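Since the structure comes first, as structure tokens, the remarks are kept for the end.
No value in this document is a laboratory result; all are computed from the given coordinates. No experiment lies behind these values; they were computed from the predicted model shown. A quick note on method: Cβ atoms are made from the backbone with ideal geometry, for glycine too, and the neighbour counts reach across all protein chains shown.
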Amino acid sequence: MNQEPATTASTGESDLTLVGRAQNGDTRAFDELVRKYTPKLYGMVYNMTSNREDTADLLQEIFSKAYRSLTRFMGKSSFYTWIYSIAVNMTLNFLKKRGRHTKISLDDVDTGIENDPDFIEITTAARGTLREVNIHELQKRLNEAMMKLSEEHRTVVTLYDVQGLQHAEISKIVGVSEGTVRSRLFYAHRQLQNHLEEFVK
């Protein structure tokens, strides 16, 4: 039983085994990786874009790029660090093209995120007020607050608070130091809390 944490597929094969098979032309092995990582990457991309159609399109592009780049994966990092890096970079590029200052009406934002229990619990401020306020309204406020963050800050909040990754992993995925990850999280959490404090006053 020598299974690696966070890298074991439902078939019992490790990510590296599946990658090796896929690199040798086994498309079923890559399909297994897609099946395994789609829910995780969907959650990350969706929390950054707040749009189901954009998320679905981006996921197709992310897996397509990963498949084309698979021969360059040498196993120096874990596969999930590698695929997350591709996903984060492509999502950030998409958001920059879309324009950070695009006005997003809450009526236009997909409501799926508002029913995500992990998303509700992003900040202590949110957890402390869930019983005191209308949950639906709080979820809308959280979504609105997330959309006001810069792409860089939204990325670390999504990876840390929603995806549950550690500072060291986020550092590798985003390509910045752990100190930078911590400072971005601190700033982003403070911004989210400030936004929610205005709501619960």
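Okay, here's what the table says:
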read-out: Segment Y67-R182, length gained on full extension (0.36 nm per residue, minus Cα span); value: 38.2 nm
read-out: Listed residue pairs exceeding 27 Å between alpha carbons, taken from K65/K148; K36/K76; K76/K97; K140/K172; K40/K97; value: K65/K148; K76/K97; K140/K172
read-out: Net length gained if the chain between R28 and R98 were fully extended (0.36 nm per residue, minus Cα distance); value: 21.8 nm
read-out: Residue order, fewest to most surrounding Cβ atoms within 10 angstrom, among R141, R154; value: R141, R154
read-out: Region 137-185 and region 41-75: distance between their alpha carbon centers, rounded to Å; value: 17 Å
read-out: Under 5 Å, built H, 5+ apart or other chain: amide partners of S14; value: A9
read-out: Ordering of 62-68, 74-80 by burial proxy (mean other Cβ atoms within 10 Å per residue, highest first); value: 62-68, 74-80
read-out: FRET efficiency estimate (nearest 0.05) - Cβ-Cβ, S150 to M74, R0 41 angstrom; value: 0.80
